[in-house]
Amino acid sequence: MEMQFLDNLSLGFGVAFQWVNLLYCLIGVLLGTLIGVLPGIGPTATIAMLLPVTFGLSPITAMIMLAGIYYGAQYGGSTTSILVNIPGEAASVVTCLDGYQMARQGRAGPALAVSAIGSFFAGCVATVVVAMFAPPLAGMALKFGPSEYFSLMVFGLVGATVLAHGSLLKAIAMVLLGLLLGLVGTDVSSGMMRFTFGIYELSDGIGFVGLAMGLFGIAEIISNLELKGSREVFTSKIGRLMPSREDFRRMWKPILRGTAFGSALGILPGGGALLASFGAYALEKKISRYGNEFGKGAIEGVAAPESANNAGAQTSFIPMLTLGIPSNVVMALMVGALMIQGITPGPRVMTEKPEMFWGLIASMWIGNAMLVILNLPLIGIWIRLLKVPYRFLYPSILVFMGIGVYGLSNSPFDVLLMAIFGILGVIFVKIECEPAPLILGFVLGPMMEENLRRALLIAQGDPTVLITKPISAGFLIAAVTLLVVVLAPAIRKKREEVFVED
Amino acid sequence: MRIKSPKDFWAGLMFIGFGLFFMIGAGNYDLGSTERMGPAYFPTMLGGLMAVVGGAVFFQSFVVSGGKVVAIPLRLLFFITVALLLFGYLLKPIGLVLALALLVVVSASAGHEFKLREVLLLAVALTVLSVLVFVKGLGQPFPLLPKFLG
């Protein structure tokens, strides 16, 4: 077992150190940081925008680059939070609280440094966690039949909606809409065209990239254009970067706790960076001796969530790589990218393409090292980037998205799809429907149908097969429990509201 | 009955609409049986479920208070959408250079600080960059100039 572990890692590092992979890892983390720094463009939109760039690459190189973009964007997002008090991406929202206060006190340097150090440490630990937990999980998943898979997907989708913020009912409806949109195109078992309305381009289904770019990219641009707020950038007084001895004494425990917390939360469905950073901040505030300084520039308030979000970002790869089930929207984009590359993510990837699996894991460590080495010296460039006015940025983003989407099939159809989903995305924002659950459903739709179909065929049309097989029943019970737990207090609260209104 | 949460009211209606749309649309296909699910089976099931959930959201909007719907920024949406569609549908006939210029100029007019000189400079810079990166670098087969010139 021990030897196997080392063999795997050395195989991975062998792949990750190939110059082409190193190069694209570097490009990925740089692009990720660059776009992550820009306020209002998060990792999701970034990955959606850059998906077409990766199609010409080999699958492993593409995954390495996309993963680099993901954690690069996390790093970049923290920089923006600290210097501008605008989260570069959602997972950095809590970093604003204390990071920005530190910057106002002239301690932007140590805040940036602690975020980089915490993220790097968390990245290293999370890499090992992925390497240790993924193989047994994949081994287990290999024994799953179609009914187990179907129930697992139900559980994953329920988990993702439960942990998403906002209305649970609307999140469920969005998942369903995603599942249905995923079914558009040729039905695999009958060859029937479904919901294509005679449009030839829809026979392969709705284009994933156009959908994701429209819902996230375009909607985000329009939301940003609606805001006309001014922003104050702390550029002149970054101060010295190195944290003081006192800072180090105060930050190492929060970094450890943040890492552990983030690694655990990242694995959960719906988990990942966002949940990890919020949870870690709340936890740290409760147990820290300096709890009363939180919100006023406590270094713990930067160290814990920054470590947690990076750890969570990385461990959220586990369910995607081993089960083929994305736990959050970024992982759904990764699944989409893999499928376009002709690889169906799932437990077989590890045994059939070990070089890809372990190469990706090793590259995460390398990418994190690149970030910590590059980022602090490059901080000056990122700051200059923050000063670029949005009126220059958004046409540039549109150019990039337009060319990328057009190039998918060299036809205007995907551009049209992107525009349509852009409009839909704006409507979703206005009526407070999160698009993330929709993307998860969209990716899982065809797989879910196929597994349900097979499960029922094997059971000769008896739907109780889903609850008589123990593992499948377990997933469904877990899903129902999650729903009940989350709904219960909400029902109570809403009932109180009703009574007050009467 | 008073609508207490306009956002949920519209969201509920939208979900009911989508749900019914997929359910009715699936009526054109074979439903099959539980043992052999036809192409209509899963969509009918999901569409029905969605209409029910949408109905719950709709109902809830009369009971639980929520936010008002902020107006959709039609002008912004119009400029951005038109800019993208012009780019997409004109790229082949007029070539990348002019299509990009159109995309930049039209999308930039959506903003509230439009300065023609600035925008033209931006268009030139982005076009040069895109030609270098996408056409020369990544080898995308885009025509650069209009057909009648090429």
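The distance from the alpha carbon centre of the range A:6-63 to that of the range B:118-145 is 23 Å, rounded to a whole number. Springs between Cα atoms under 10 Å define the GNM used for chain B, and in it the highest mean-square fluctuation of B:G19, B:G139, B:G88 occurs at B:G139. Across peptide A:210-221, the mean count of Cβ atoms from other chains lying within 10 Å of each residue's own Cβ comes to 1. Each peptide in A:399-412, B:33-46, A:429-442 receives the mean, over its residues, of other Cβ atoms within 10 Å, and ordering these scores from highest gives A:429-442, A:399-412, B:33-46. Label sites at A:R249 and A:D204, each approximated as a point 7 angstrom past Cα along Cα to Cβ, lie 6.2 nm apart. Peptide A:404-414 has a mean of 4 when you count, residue by residue, the C-beta atoms of other protein chains within 10 Å of its C-beta.
Here chain A yields Rg over Rh of 0.96, to two decimals, using C-alpha coordinates and the Kirkwood radius. Using a simple spin-label model with pseudo-atoms 7 Å out from Cα toward Cβ, A:S58 and A:E226 lie 4.6 nm apart. With coordinates expressed along the principal axes, the C-alpha atoms belonging to the range B:6-60 extend over 41, 18, 9 Å, beginning with the largest.
Here A:F55, B:F87 are placed in order of increasing Cβ neighbour count within 10 Å, fewest first, which gives A:F55, B:F87. Separation of the alpha carbons by more than 26 angstrom is noted, of A:K285/B:K68; A:K296/B:K4; A:K170/A:K296; B:K92/B:K136, for A:K285/B:K68; A:K296/B:K4; A:K170/A:K296. Sorted ascending by nearby beta carbons within 10 Å, beginning with the fewest, A:W358, A:W365 become A:W365, A:W358.
Per-residue Cβ neighbour counts within 10 Å put A:T46, A:T481 in the sequence A:T481, A:T46, beginning with the fewest. If you take the square roots of the eigenvalues of the alpha-carbon gyration tensor of the range A:328-419 and sort them as a ≥ b ≥ c, do you get rounded (a/c under 1.5), prolate (a/b over b/c) or oblate? It is oblate, given that a/c is not under 1.5 and a/b is not larger than b/c.
Does the range A:110-226 come out rounded, prolate or oblate by the C-alpha gyration tensor, with a ≥ b ≥ c the root eigenvalues, rounded set by a/c under 1.5 and, if not, prolate when a/b is larger than b/c and oblate if not? It comes out oblate by the Cα gyration axes. With the simple spin-label model, which puts each label point 7 Å out from Cα in the Cβ direction, the A:D462 to B:L90 separation comes to 6.5 nm. Volume per residue for the range B:74-137 equals 71 cubic angstrom (convex hull of Cα atoms).
Annotation: extensible slack from B:V135 through B:R36 equals 30.7 nm (criterion: 0.36 nm per residue apart, minus Cα-Cα distance). For the range A:267-340 versus the range A:89-147, the spacing of their alpha-carbon centroids is 6 Å.
No lab work stands behind these numbers, since they all come straight from the coordinates. Remember, predicted model here, so these are calculated numbers, not experimental data. Positions of Cβ are generated from backbone atoms using ideal geometry, with glycine treated the same way; all protein chains shown enter the neighbour counts.
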